[in-house]
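Structure first, commentary second.
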Amino acid sequence: MKRRDFLKYIGAGGLGTALGIFFGKKSAPPGANLIPYLIPPEDLIPGVASWFSSLCTQCDAGCGTIVRVMEGRAKKIEGNPKHPVNKGKLCARGQASLQALYNPDRIQGPMKRTGERGSGKFKEISWDEALKTVARQIGDIKEKDGGQGLFVLSSSLGGHLGKLIGDFTRASGSSNYLQYELFQQRNLQFANKASMGIQAIPHYDIGNTKYLLSFGADFSSTWISPVNYSYGYGEMRQSDPRRRGRLVQVEPRMSLTGANADEWVPAKPGTEGVLALAIAYAIVEEGYYKGSDSARWKAALKKFNPGAASKITEVEKKRIYHIAEEFAGTRPSLALAGETLSSYENGVSGVVAVNILNHLAGNLGAKGGVRPNPEDFHTLKATGGLDFKKSIRTLAEKASSGKVKALLVYNTNPVFTTPAEVGLNGSLDKIPFIASLASFMDETTAMADIILPVHTSLEDWGDDIASPSVGVPVATLMQPVVSPYYDTRGAGDIFLSLAGRLRNEAERTEVKGLYKDFFTPSLTAKNFQEYLKGAWRDFYRKDKTAAASSLTFEGFWNGLLRDGGWWPTKRHSRKKMALTVGKVKGLLPAGQAPFKGDENEYPFYLLPYAQAGYYDGRGANLPWLQELADPMTSVVWGSWVEINPATAKKLGIKEGELLSVESPYGQIKVPAYLYAGIRPDTVAVPIGQGHSIYGRYAKDRGANPIEILPAVWDRDSGAMALNVTRVSIKKTSGAADLVKLGASTNDYGRPIAQTITPHEYQKIKKEKV
């Protein structure tokens, strides 16, 4: 570096003291990092860490975090000890989100497509050009057809960003705002609304129950709110020294939760709902249910009696009666309808069956049972309930028919998380214009014409209303803990900027009336921080509890930033939950859930499942999660198929051999893992690997089992079914890549792990006494 340039940048660093870290970031010379700060900003002390409260966005649980920052760099993420959802704990995915911030494969600035769609070929452009292009497309659609040709697709958003995107979509003249994720719990929510009248996920009070009967809910690893449920599970096991809580896990493939259970019940795939109703029938038959309508329940459940159900589920009749006796006789008890159960084609019926079981055992509304969450958090209820009429299937069908003129995508990757039979790639290719708001180049973003790079969660503002909550309202605030690392912007700021450009265009072209909705106060905020603060100011004015917590709004707002959110302790829902025979009679399962494929040609049930680190695939680009050993198999950096050892022996398959797993809809190649915790007629493959594009850590690694699934949707909830196909397995050519973390008992002469016999220990103990 020349002496003149060195002095110039030293001067810029001094000026940055007054203007803050953002100016210093812009002034830094490329590749020059000789001295981080000659004169640091006033809120930064070199060598001293600062901690900021924020929000984890790696799943929809809404956990609170605290982030350790030193000299302007985020160093460590932990759970917020004040937060009622995760209570200071944080899963591996949450802690690994630090690598999203510093990931070398982040999109560093706006880009425009130069090659074929899906090729990943783009060139850098300015923010002005990118926003101008997107705004022009939206304006043209609004002027030509009123705006209905615009579709907006995002991940599940429970806070004010979702509300802003919804307002923007409506202002554009469109009613086509969809939210999609692979594990969206649509069947669970629909079943709760149909049977109990609440379109929400209730609070499963695991911590206070004494008998937990789980139907495929892997709450220790991935199901809904794993940190909260794992904490509750620990309380269930240890809070009462007189009686240890009992866990019974029903599932064809043993999950991490199943491995921690007192009893594992490997029911036949697709029959778990029948088993739940058989237990319910036994409760009524044996007189454990004391309701006046017991005769009606007995008649409604008669065909699910334990004798008949035993033949369907392959669970012994005696065992069914034993579980019913324990479940009804232990107070309180709780049954869970997990992802395995709800992912069948009749997933809604399975969830309803578990709701019936909870009703007959007296668990609805009870401490230690199923407790309603607040449905109305005043003005903080930012995005209403899930619209069951709109799903990713809606977008695919509309795009195929040419009704989608432009698509804005934010933070979701449906090309990866939908079966190849859906043909979403081909459907998206028919859309004239696609813009993606993303941090990484994934399979869906590669289909875009314009890419608008967004901040990571550590650089942005936001909030989230936890769903499910913990019996009381919980809203978590997200704040930027570091300055933006690249030339990215917050998603909220991008939508507000687009609204501003459309207002300006309207004033120039004298069609202001057509764009009048963009002049509403909700879309005229200077930036998303101002928008978010204004929304919380409205809440502060209307909510007596919030107003009482501070004399001024600024004091209240600073308290939110300090604590990480808002959660009153005494605002429980008074909503009552109850089932009647009439409500559920038409929702009962007809028998085993259907599976595609001839049994002779495809003899095995396929169970794709969410993996602890990769979840729905979003974690595959973080090397910490790739290196994280799977808790049940210890496999790292790849995919595998789990097969029972007896089945493997019969087929002559050895662990590590490459297998072809073929369904009527395609095939994948994965190495075999011999796993005793799975039924002999079933195989399982984790979801999350198999990306064709998603950065250097995820690309071309492993296989994606979703690719070989049929396109099966629930008629009522719009949910996509995962457990719906049979497969065949056979050895195939090619290099197998099964990498496991292992241990050795041989220390090769080094005194690494010193041991003594029990006799020697007792001798030493006596000598010390």
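The figures follow:
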read-out: Filter pass, Ile451 being open to solvent by less than 10 Å² (accessible area, probe 1.4 Å) and more than 26 Å from Leu44 (Cα to Cα); value: yes
read-out: Residue match in the stretch 360-371 (condition: of a type in the set (D, E, K, R), open to solvent by 10 Å² or more (accessible area, probe 1.4 Å), farther than 24 Å from Tyr281 by Cβ and at pLDDT below 95); value: yes
read-out: Residue within the stretch 462-475 that is farther than 30 Å from Val227 by Cα, open to solvent by less than 20 Å² (accessible area, probe 1.4 Å) and of a type outside the set (A, V, I, L, M, F, W, C) present; value: no
read-out: Pro631 vs. criteria open to solvent by 10 Å² or more (accessible area, probe 1.4 Å), modelled with pLDDT of 95 or more and either among the acidic types (Asp, Glu) or in contact with a Leu (Cβ under 8 Å, 6 or more places away or on another chain) (or both); value: no
read-out: Unique residue being more than 30 Å from Gly207 (Cβ to Cβ), among the basic types (Lys, Arg) and surrounded by 18 or more Cβ atoms within 10 Å (Cβ to Cβ) when the list is Arg117, Arg93, Arg136, Arg106; value: Arg106
read-out: Test: Gly613 is assigned to a loop (DSSP other than H, G, I, E, B) and over 19 Å from the mean Cα position of the chain (by Cα); value: no
read-out: Scan of the stretch 653-667 for residues that are assigned to a strand (DSSP E or B) and open to solvent by 10 Å² or more (accessible area, probe 1.4 Å), ordered by number; value: Leu658, Glu662, Gly666, Gln667
read-out: Matching residues in the stretch 88-119 - criterion: being touching a Leu at 6+ places or on another chain (Cβ under 8 Å) and either within 30 Å of Asp563 (Cβ to Cβ) or at pLDDT 95 or above (or both); value: Ala92, Arg93, Ala96, Ser97, Leu98, Gln99, Ala100, Leu101, Asn103, Pro110
read-out: Failed item in (1) touching a Pro at 6+ places or on another chain (Cβ under 7 Å); (2) open to solvent by 10 Å² or more (accessible area, probe 1.4 Å); (3) part of a strand (DSSP E or B), with Ala676 passing the rest; value: (3)
read-out: Residue under evaluation Ser195, criteria (1) among the small types (Gly, Ala, Ser); (2) in contact with a helix residue (DSSP H, G or I) (Cβ under 9 Å, 6 or more places away or on another chain); (3) under 27 Å from Tyr675 (Cβ atoms), criterion not met; value: (3)
read-out: Hey, Ser639 hydroxyl-bearing (Ser, Thr, Tyr), in contact with a helix residue (DSSP H, G or I) (Cβ under 6 Å, 6 or more places away or on another chain) and open to solvent by less than 10 Å² (accessible area, probe 1.4 Å) or not; value: no
read-out: Of all residues making up the stretch 323-341, the number that are touching a helix residue (DSSP H, G or I) at 6+ places or on another chain (Cβ under 9 Å), surrounded by fewer than 16 Cβ atoms within 10 Å (Cβ to Cβ) and not charged (D, E, K, R); value: 0
read-out: Residues of the stretch 629-652 classified as in a loop (DSSP other than H, G, I, E, B), within 33 Å of the chain's Cα centre (by Cα) and not acidic (Asp, Glu), total; value: 10
read-out: Subset of the stretch 330-357 that is of a type in the set (A, V, I, L, M, F, W, C) and assigned to a helix (DSSP H, G or I) - its residue that is nearest to Asn187 (Cα to Cα); value: Val348
read-out: Exclusive hit being farther than 22 Å from Pro252 by Cβ and in contact (Cβ under 8 Å) with a residue 60 or more places away in the chain, set Ile708, Ile752, Ile693, Ile678; value: Ile693
read-out: Test set (1) free of Cβ contacts under 8 Å to residues at least 40 places away in the same chain; (2) buried (at least 16 other Cβ atoms within 10 Å of the Cβ) - Ser126 fails condition number; value: (2)
read-out: Within the stretch 516-604, helices (runs of 4 or more DSSP H) holding 3 or more residues that are open to solvent by 60 Å² or more (accessible area, probe 1.4 Å); value: 528-542, 544-548, 553-563
read-out: Val48 vs. criteria within 22 Å of the chain's Cα centre (by Cα), at pLDDT 50 or above and not in a strand (DSSP E or B); value: no
read-out: Restricting the stretch 429-463 to residues that are more than 23 Å from the chain's Cα centre (by Cα) and among the acidic types (Asp, Glu), the residue that is modelled with the lowest pLDDT; value: Asp429
read-out: Tally, over the stretch 57-67, of residues that are in contact with a strand residue (DSSP E or B) (Cβ under 6 Å, 6 or more places away or on another chain) and at pLDDT below 95; value: 1
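This table checks each residue for (1) open to solvent by 30 Å² or more (accessible area, probe 1.4 Å); (2) more than 22 Å from Ser172 (Cβ to Cβ).
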position	(1), (2)
Arg393	yes, yes
Lys403	yes, no
Leu408	no, no
Glu421	yes, yes
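The values are calculated or read from the model by the stated rules, or taken from the named source; none is laboratory data. Keep in mind that this is a model prediction, so the values were computed, not measured. No Cβ is skipped: glycine too gets one built from the backbone with ideal geometry, and neighbour counts run over all protein chains shown. What goes into the accessible areas is simple: the full protein's heavy atoms, side chains included, and nothing from ligands, DNA or RNA. Shrake-Rupley method; radii C 1.70, N 1.55, O 1.52, S 1.80 Å.
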